[in-house]
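Before any comments, here is the structure.
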Amino acid sequence: MKNKNSNLMQILKPTIILGLICFITALLLALVNNITAEPIKAQELAQENEAKQFVMPEGIDFVEKEFIADKHFYYNEAYDQNGNLVGYVFKNGTHGYGGSVIVNVGVDPDGKITGVKALDLAETPGIGTQIEDPAFTDQFIGKTIGLHAVSGTNPSDNEIQAISGATSSSNAFVESVQKSLGQFDLISGGNDE
């Protein structure tokens, strides 16, 4: 009988110890998560605001809005330090060569692009990722609805010079920007998208 109890204790003792270790570890992880959740959230918000300010340089305060009609989407109104509306920031994505191409687009109240920034892309390093370079993104500033990518040199008013060897990535970026311009048209009373 003593041998049975001894064997049972040899099994139960490590099981109980392991259970306590797991419980304490889970408790500590929950505590660490609780402590770090707010700083992580604040850092993410700061990064989002930085990306918005990049495409809307005059914007200091960004207020999220929701558009509900035939289409449904979220966007941000951008205000300057005096509380004046200086434009809008849209975030849209399209499938590129290697995955989604998600772009922030700043649009002034007249419908002209103030800036664009790739937020997330899984394009081919060195080729497709050139859509992040200022040589490509600066082409969008001042443009309006009706954009399309073209090959060759000397693009016209609403044409964007595509990156050689990265046509799919260029087209996805332009299409993401075009979606944002369509959404601007909707919130400003137009009916395109």
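Can you tell which of S176, S164, S156 shows the greatest fluctuation in a Gaussian network model of the chain with Cα springs below 10 Å?
So, out of S176, S164, S156, the one fluctuating most is S156.
Between C22 and E132, what is 0.36 nm times their sequence separation minus the Cα-Cα distance? Round to one decimal in nm.
Values: separation 110, 0.36 × 110 = 39.60 nm, distance 4.53 nm.
Separation in residues times 0.36 nm, less the Cα-Cα distance, equals 35.1 nm.
Rank A51, A162, A30 by mean-square fluctuation in a GNM of the chain with C-alpha springs under 10 angstrom and give only the top-ranked residue.
A30
For the chain, set up a Gaussian network in which alpha carbons nearer than 10 Å are linked by springs, and say which option among F173, F67, F90 fluctuates the most.
Maximum fluctuation in the GNM of the chain, among the listed residues, is at F67.
Answer with one residue from Y74, S170, A26: the one whose Cα lies farthest towards the positive end of the charge dipole of the chain, charges on Cβ with Lys, Arg +1 and Asp, Glu -1.
The listed residue farthest towards the positive side: A26.
Given the options V116, N84, S156, identify the residue whose Cα lies farthest towards the positive end of the charge dipole of the range 56-187 (+1 on Cβ of Lys, Arg; -1 on Cβ of Asp, Glu).
Going by the Cα projections, it comes out as S156.
Counting Lys and Arg as +1 and Asp and Glu as -1, each charge on the Cβ, what is the dipole of the range 56-187 about the Cα centre in debye, to the nearest 20?
On the way: 7 positive and 18 negative charges, 55 e Å.
With Lys and Arg at +1 and Asp and Glu at -1, about 260 debye.
Under 8 Å for C-alpha pairs, at least 6 residues apart: give me the relative contact order for the chain, rounded to a whole percent.
RCO, the chain: 14 percent.
Just in the range 1-78: which trypsin sites (Lys or Arg not before Pro) are loop by DSSP and have at most 13 other Cβ atoms within 10 Å? Working shown, then result.
Details: sites: K2, K4, K41, K52, K65, K71; in loops: K71.
Within the range 1-78, the qualifying trypsin sites (Lys or Arg not before Pro) (loop, at most 13 other Cβ atoms within 10 Å) are K71.
Pairs of lysine in the chain with Cα under 23 Å and at least 8 positions apart or on different chains: total?
Total qualifying Lys-Lys pairs in the chain comes to 29.
Values quoted throughout were computed directly from the atomic coordinates according to the rules given, and no laboratory measurement underlies them. If you're wondering where the values come from, they're calculated on a predicted model, not measured in any experiment. Note that each Cβ is placed from the backbone with ideal geometry, even for glycine, and that neighbours are counted across all protein chains shown.
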